[in-house]
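One structure is given below, encoded as structure tokens.
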Amino acid sequence: MAGDAGTPEEERLRARCLALEAEKAALEADNAALAERNAALEADNAHYRWLADSTTDLISRHARDGTFLYASTASRDLLGYEPEELVGVCAYELFHPADLDDLLNKSPRVYYHDGFYQQTYRFRARDGHYVWFETTSRTRRDPATGELLDILCVSRDVGRRIHAEANRERLARVVESTTDYVLFIDGDERIFTSNEAARRLLARPSPGGRDDDRLSLEQAYTRESLSVLREIVLPAVARYGSWSGELAMLGPRGPVPVLSVVMAHHGPAAEPDHLSLINRDIGLRKAAEAQERRHQEQIAHANRLATTGELASNIAHELNQPLGAIANYASGALMHLAADPPRSADELRLPLTRINAQVQRLAERLRHIRTFVRKGQTRPRPVMLHEVIDAACRLCEWQYQQAGVALEHELPEALPRVQADPVALEQVLVNLLLNALEASRDHPGADRVVIRARRTGPREVVLTVSDRGPGVPAAQRAQVFAPFHTSRPEGLGMGLAISHSLMEAMGGDLRLLPVDGNGGASFAATLLAESGLAAPGYHTR
């Protein structure tokens, strides 16, 4: 009805009230949404603060002059400061002076890229010591003016890494400057790193190079050593982690003998098939050893000549017997021919056969004497022990007969072959036998010298020479193998010293046994035996 409608002014007021109520409702909704966003932002801020305070890195915000505006709780553990103590402090005042100069002068050590700075420096802690920090900084600027607003920093304690890098650098300098030849190889036997000494030896002056310029082991070691590396060394390193021994490298003037240590690389970043080869030049040592061996051989040769002089009567006796027999048989044959010229030649077969046998015996004795006195290197090889013993006894037998001293063998039924140089071992035995004979002369009850041999292990045989003489005085036992030590007025004191050296050169040893109840002296020579190989021996004679 017309009476229900208000005036136009009332309608406008009513519409205005409805609009205001709608605006109020919308405003209340906006306020609720804003409050919800604020609550979410506060929750995010609390979460970010929790993250900042939970990390072990120091998170900080700085003004343009470096003053702390904020510091996370990691400052307690890293620097000993409470976060509030750092606020208002200029960070530059806590820099190490040298590192601050790097930052202010934009040293190449300060990395910069697209608003990010990164620097490794020393920062002073509360107690005065410096902490190595690696800090990544982000500058924040006004978009309109470009003015610096603040600096956000994340700082990490890298002291352990810095010290580890310093240790590695020191070791690298040592490796680079050492005179040893150091090589690093990969799984393809290619040398990817070497030190200066190795580069000089292999004519590779450049410390770097392309992959296709890398040398291989074939270009660093001799063919024989390369075989040893592939067949023995590399499998041993794969199994045990390291190997050491002697090899030979290729040098500009020929093979270079080296003492090598080969090791596998270990560690989190190490490749499993990478190896280090450290090679020490032992050429001078080898030359000295060779010279010493030559000197020792010359001394041993002189000793054999001197021993031959002592055995001159025995040698003359050994040669006189076959010569006398030859003369007798030849004289008898001539007498038969003179008595009966037409005698058949067949009747001369027996004396001629015996003459031939004596000639062969004489030739054998001459060869043995010539072998004994000749100069040569000591070359151990498998030999029959009883044959060497028998040869040494034959050389000394005439002297023993003249002195009235019995020379006896007490050897087992079977003896293994031993690793020895027969001439050197015979020289040792002759020296021991002549010393035993000299000790037995004119000593009451010293009527025999005994040679014994026994197996003392799977690869060991001990040979002893014992006499019943006065023995070695206690004061002289320690020096008995010293050069020029002798108890004989006419002796040179070299026999036992040379014998000791010869035994060591053959891989054995020579020692004076303790005094037993029989008195006298007993010397024991230990030799390496061949397992499973035996030769017939002698019974006591």
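Within the set LEU425, LEU415, the sole residue that is part of a strand (DSSP E or B), touching a residue at least 60 places away in the same chain (Cβ under 8 Å) and within 48 Å of the chain's Cα centre (by Cα) turns out to be LEU415. For segment 60-72, the set of residues classified as surrounded by 14 or more Cβ atoms within 10 Å (Cβ to Cβ) and either in contact with a Phe, Trp or Tyr (Cβ under 8 Å, 6 or more places away or on another chain) or modelled with pLDDT under 90 (or both) consists of SER60, ARG61, HIS62, GLY66, ALA71, listed by residue number.
Beta carbons closer than 7 Å, at least 6 apart along the sequence or on distinct chains, never pair a first residue in segment 219-231 that is more than 10 Å from LEU247 (Cα to Cα) with a second that is part of a helix (DSSP H, G or I) and of a type in the set (A, V, I, L, M, F, W, C).
Can you tell which of ASN38, ASN31 is of a type in the set (S, T, N, Q) and at pLDDT below 75? Write out each step before concluding.
Details: ASN31 fails: at pLDDT below 75.
Within the list ASN38, ASN31, the selection yields ASN38.
If you go through segment 429-464 and keep only what is under 41 Å from the mean Cα position of the chain (by Cα) and within 18 Å of TRP398 (Cβ to Cβ), you end up with LEU429, VAL430, ASN431, LEU432. Here THR193 passes the criteria (1) touching a Phe, Trp or Tyr at 6+ places or on another chain (Cβ under 9 Å); (2) farther than 30 Å from ARG64 by Cβ; (3) outside any strand (DSSP E or B) except the one numbered (3).
Contact map, segment 179-195: residues that are within 12 Å of HIS265 (Cβ to Cβ) paired with residues that are crowded, with 20+ Cβ neighbours inside 10 Å and among the polar types (S, T, N, Q), Cβ distance under 8 Å, separation 6+ or inter-chain. Pairs shown: PHE184/SER194. The residues in segment 506-523 that are at pLDDT 80 or above and either over 43 Å from the mean Cα position of the chain (by Cα) or loosely packed, with under 14 Cβ neighbours inside 10 Å (or both) can be counted, and the count is 5. When residues in segment 435-463 are screened for being modelled with pLDDT under 85 and either in a helix (DSSP H, G or I) or in contact with a strand residue (DSSP E or B) (Cβ under 6 Å, 6 or more places away or on another chain) (or both), 1 of them pass. Segment 97-153 holds strands (runs of 3 or more DSSP E) entirely within its bounds, and those carrying 3 or more residues that are at pLDDT 85 or above map to 116-124, 130-141. The number of residues in segment 242-264 being farther than 14 Å from TYR221 by Cβ, surrounded by 15 or more Cβ atoms within 10 Å (Cβ to Cβ) and in contact (Cβ under 8 Å) with a residue 40 or more places away in the chain comes to 0.
Of all residues in segment 154-188, which are part of a helix (DSSP H, G or I), surrounded by fewer than 17 Cβ atoms within 10 Å (Cβ to Cβ) and not charged (D, E, K, R)?
Within segment 154-188, GLY159, ILE162, HIS163, ALA164, ALA166, ASN167, LEU171, ALA172, VAL174, SER177 meet the criteria.
Of the strands (runs of 3 or more DSSP E) contained entirely in segment 222-290, not one carries at least 3 residues that are within 24 Å of SER177 (Cβ to Cβ), more than 16 Å from the chain's Cα centre (by Cα) and not assigned by TED's automatic domain parsing to the domain that holds ALA197. The residues of segment 402-431 that are more than 16 Å from GLU504 (Cα to Cα) and out of contact with any helix residue (DSSP H, G or I) (no Cβ under 9 Å at 6 or more places or on another chain), listed by number, are GLY404, GLU408, GLU410, PRO412, GLU413, ALA414. On the stretch given as segment 143-171, residues that are more than 30 Å from ARG124 (Cα to Cα) and not polar (S, T, N, Q) total 3.
If you go through segment 350-397 and pick out every residue that is within 23 Å of LEU527 (Cα to Cα), in a helix (DSSP H, G or I) and modelled with pLDDT of 65 or more, you end up with 12.
The values are calculated or read from the model by the stated rules, or taken from the named source; none is laboratory data. Note that the structure is predicted; figures quoted are calculated from it, not measured. Every residue, glycine as well, gets a Cβ built from its backbone with ideal geometry; the counts of neighbours run over all protein chains shown.
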